[in-house]
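Encoded as structure tokens, the structure appears first; notes follow it.
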Amino acid sequence: VSVQLQPSAGKPISSMLTGVFFEDINYAADGGLYAELIQNRDFEYALTDKESRDKNWNETHSWSLTGNDISWKVDSINPIHPNNAHYALLETKVTGGMLVNSGFDGVAVKAGETYRFSVSLKAIDPNAKSVTVLLLGKEGKTLAQTTINGAGSNWKKFNVSLIASATDGEARLALQPREAGILAIDMVSLFPAKTFKGRVNGLRADLAQKVAEIRPRFVRFPGGCVAHGDGIGNIYHWKNTIGPLEARKPQRNLWGYHQTAGLGYFEYFQFCEDIGAEPVPVVAAGVPCQNSGVGGGGQQGGIPMAEMDQYVQDVIDLIEYANGDIKTVWGRRRAESGHPAPFNLKYIGIGNEDLITDVFEERYLMICKAVKAKYPEIVVIGTVGPFFEGTDYREGWAIADREKIEMVDEHYYQTPGWFINNQDFYDSYDRSKSKVYLGEYASRGTTLFNALSEALYLTGVERNADIVTMASYAPLLAKEGHTQWNPDLIYFNNTEIKPTISYEVQKIYGVHAGDVYIPATVSVSTNDEAVRKRIGLSVVRDSKSGDIVVKLVNMLPVATTLKIDLGQIIGASTDATKIVLKGKPGDRQILPEQAVVKLQADGRLNLDAYSFTVLRFKGR
Ligand code: AHR
């Protein structure tokens, strides 16, 4: 293989290219990134959360009793907040019994770590004033305990700390009343003190850190299909997800579980800020998934036109919430949550893979136009519909062309072969039209071969990053045992994090990004198109450091030698950091190897079979 570089034809490319797509799917939020350890803390789980109407999926989910002469029920008279209508009434006749929460597949605790516990209590019997809080190990051993006193006739919140005496991945949290009587209990919460960046109501530190290491330039959230729901009643409304936790509106997650909204819009914005990423919230385009009607089920429908003004206002208010001065209504709400400074929102996604119909178009354009009229500086990212078998983006693009939507969101999940054969997907895109945000893409699978096909495809995306300004892989997180969608970027359980090889590819692209693309002609000593397509190359310069990054993908089953005259762009600095990701095509767990190397004097590079190689040269 020989490569001719054309440094004089270097072109500016997007410095926003690598980001992540966070969808609350696969228990990515509750039981995942959101560090809350208590499941169903608010007794709001409902039979309707589950399509299967699993009879155990109700307000008592994850809770059980131990001991004698103790009973409980869920009540809803005078709750803490109307949005949190249910709470537990625990009746003790003889002390000793406990109400126990099993967490999300257990409560994982670590020896010596501090946990912040909080609960709201109300003494229904004046006697029932105190409760002991215990962390119990899998075998029943007490790992920590403390007693809370002072429940009164009105709801009162208590905060205490617990330090675990041992590590246990399947501990439980127990509440043991100290006196006979009836005690009302709600908002039972346990967080590790060490959340990501120490945030209150924060995120799981190890998971958030793994995400940060990709160096995502942006985070798209909260979905995917979660953003538009599977019926009008299931649309994700950002206003339901901010403010005090007990005032947020939990709801059915369309992926078949319960969404507390504890990880809500404030926390999403804060996370973005904490990792230096631009927030890219996605709101429904006034229609739920595929324009499904009120209850879903394929009925065509959208938010009734009589309610659209309010819906449009909600979208406008979101921008005020993110960016408004604290004197504004929604800016003040943000400040009340502890962030007086604006979040500097620059992008908003409107719609997700929607079916392009009149119902959609009318509502979508109402929102796009209202946002642009009030906030011309905000980049509106439209949707061009799904890219399934038998569909394409034509109708969505026709609207974007006509209405001059600045950027559109494309999605595709395909085979590795598709990615290999479509490296030129964006080469012919008209540069005068909307920019592209490749919001979801993945080769279907989690092997090295899949990851290499993505690395190869991304060389083509970098080449076209004058028009493709942002790209994010399939859903970011998936909890083992609760995975509804594959592939995902990072699999995890309560104690382990298992990044895929695709994660390593994303991280390499995130860490070794550039803002100038240096075109190159690649010649391969064969006429076999299938062989030629298995070699990919992309050369970028990072203006800030002046560094040159060469990315090389070899998807052939044999090693190959590549000759490239890098001297013209790297001068005499032949020392490079070399990163190689290689293995057998079916491998699922590989880490990149990194070393400092010297470029061979004749400019020859050896590329291993099935490998992704990156060379980073110091700027001059
Ligand atoms: O990522 C899973 C789903 O795939 C998303 O919700 C949707 O946008 C896409 O079809």
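The values are calculated or read from the model by the stated rules, or taken from the named source; none is laboratory data. The structure displayed is predicted, hence computed values, not measured ones. Reconstructed Cβ throughout: ideal geometry from the backbone, glycine too, with neighbour counts over all protein chains shown.
Out of curiosity, is T483 within 16 Å of the ligand (Cβ to nearest atom) and of a type outside the set (D, E)?
For T483, the condition - within 16 Å of the ligand (Cβ to nearest atom) and of a type outside the set (D, E) - is met.
Hey, among N450, N486, which residue is polar (S, T, N, Q), in contact with a strand residue (DSSP E or B) (Cβ under 9 Å, 6 or more places away or on another chain) and outside any loop (DSSP other than H, G, I, E, B)?
Residue meeting the stated conditions: N450.
When you scan segment 509-519, do you find a residue that is aromatic (F, W, Y), touching a Phe, Trp or Tyr at 6+ places or on another chain (Cβ under 9 Å), closer than 29 Å to V558 by Cα and buried (at least 18 other Cβ atoms within 10 Å of the Cβ), even just one?
no
Those residues that are aliphatic (A, V, I, L, M), in contact (Cβ under 8 Å) with a residue 40 or more places away in the chain and buried (at least 23 other Cβ atoms within 10 Å of the Cβ), I need them from segment 247-268; list them, please.
Within segment 247-268, just L263 meets the criteria.
Could you identify the single residue in N234, N149, N240, N159 that is more than 16 Å from the ligand (Cβ to nearest atom) and assigned by TED's automatic domain parsing to the domain that holds Y503?
That would be N240, the only listed residue that is more than 16 Å from the ligand (Cβ to nearest atom) and assigned by TED's automatic domain parsing to the domain that holds Y503.
Scan segment 356-402 for residues that are of a type in the set (F, W, Y) and either touching a Pro at 6+ places or on another chain (Cβ under 6 Å) or over 30 Å from T415 (Cβ atoms) (or both) and jot them down.
Of everything in segment 356-402, those that are of a type in the set (F, W, Y) and either touching a Pro at 6+ places or on another chain (Cβ under 6 Å) or over 30 Å from T415 (Cβ atoms) (or both) turn out to be Y364, Y375.
When R431 is evaluated against the numbered criteria (1) within 16 Å of the ligand (Cβ to nearest atom); (2) at pLDDT 95 or above; (3) surrounded by fewer than 21 Cβ atoms within 10 Å (Cβ to Cβ), which criterion, by number, is the only one it fails?
(1)
Residues that are modelled with pLDDT of 95 or more and either exposed (fewer than 13 other Cβ atoms within 10 Å of the Cβ) or among the aliphatic types (A, V, I, L, M) (or both): which strands (runs of 3 or more DSSP E) entirely in segment 528-616 hold 1 or more of them?
Because the criterion is at least 1 residues that are modelled with pLDDT of 95 or more and either exposed (fewer than 13 other Cβ atoms within 10 Å of the Cβ) or among the aliphatic types (A, V, I, L, M) (or both), the strands (runs of 3 or more DSSP E) in segment 528-616 that meet it are 535-541, 548-554, 575-582, 593-598, 604-607.
Sort out which residues of segment 15-55 are out of contact with any helix residue (DSSP H, G or I) (no Cβ under 8 Å at 6 or more places or on another chain), part of a helix (DSSP H, G or I) and within 16 Å of the ligand (Cβ to nearest atom), and write them in order of number.
A29
I'm told V219 meets every condition in (1) within 16 Å of the ligand (Cβ to nearest atom); (2) under 24 Å from N83 (Cβ atoms) except one. Can you identify the failing condition by its number?
Evaluating V219 over (1) within 16 Å of the ligand (Cβ to nearest atom); (2) under 24 Å from N83 (Cβ atoms) leaves (2) as the failure.
What are the residue pairs meeting all of these: first residue in segment 181-200, first residue farther than 30 Å from N127 by Cβ, second residue charged (D, E, K, R), Cβ atoms under 6 Å, and 6 or more apart or on different chains?
F191/R116; A193/R116; K197/D274
Only one of (1) buried (at least 20 other Cβ atoms within 10 Å of the Cβ); (2) more than 28 Å from S165 (Cα to Cα); (3) of a type in the set (A, V, I, L, M, F, W, C) is not met by L89, so which one is it?
With respect to (1) buried (at least 20 other Cβ atoms within 10 Å of the Cβ); (2) more than 28 Å from S165 (Cα to Cα); (3) of a type in the set (A, V, I, L, M, F, W, C), L89 is out only on (1).
Is it the case that segment 380-388 has a residue that's under 15 Å from Y429 (Cβ atoms), in contact with a strand residue (DSSP E or B) (Cβ under 8 Å, 6 or more places away or on another chain), within 16 Å of the ligand (Cβ to nearest atom) and hydrophobic (A, V, I, L, M, F, W, C)?
Scanning segment 380-388 turns up at least one residue that is under 15 Å from Y429 (Cβ atoms), in contact with a strand residue (DSSP E or B) (Cβ under 8 Å, 6 or more places away or on another chain), within 16 Å of the ligand (Cβ to nearest atom) and hydrophobic (A, V, I, L, M, F, W, C).
With touching a residue at least 60 places away in the same chain (Cβ under 8 Å) and buried (at least 16 other Cβ atoms within 10 Å of the Cβ) as the only criterion, which of L365, L355 stands out?
Testing whether each residue is touching a residue at least 60 places away in the same chain (Cβ under 8 Å) and buried (at least 16 other Cβ atoms within 10 Å of the Cβ) leaves just L355.
Which members of segment 248-270 meet the condition of being in a loop (DSSP other than H, G, I, E, B) and on the phi < 0 side of the Ramachandran plot?
Correct list: R248, K249, P250, L254, W255, T260, G262, L263, G264.
Report the residue count in segment 340-360 for those that are within 16 Å of the ligand (Cβ to nearest atom) and over 19 Å from the mean Cα position of the chain (by Cα).
4
Report whether or not W255 is under 30 Å from G396 (Cα atoms) and of a type in the set (A, V, I, L, M, F, W, C).
Yes: the conditions hold for W255.
Kindly evaluate E462 against the criterion of being in a helix (DSSP H, G or I) and either within 16 Å of the ligand (Cβ to nearest atom) or touching a Leu at 6+ places or on another chain (Cβ under 9 Å) (or both).
yes
Which members of segment 465-479 meet the condition of being part of a loop (DSSP other than H, G, I, E, B) and either within 21 Å of I214 (Cα to Cα) or of a type in the set (A, V, I, L, M) (or both)?
Across segment 465-479, the qualifying residues are A465, I467, Y473, A474, P475, L476.
Here is a yes/no grid of residues against (1) modelled with pLDDT under 95; (2) within 26 Å of the chain's Cα centre (by Cα); (3) among the hydroxyl-bearing types (S, T, Y):
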residue	(1), (2), (3)
K11	no, no, no
T18	no, yes, yes
G32	no, yes, no
L65	no, no, no
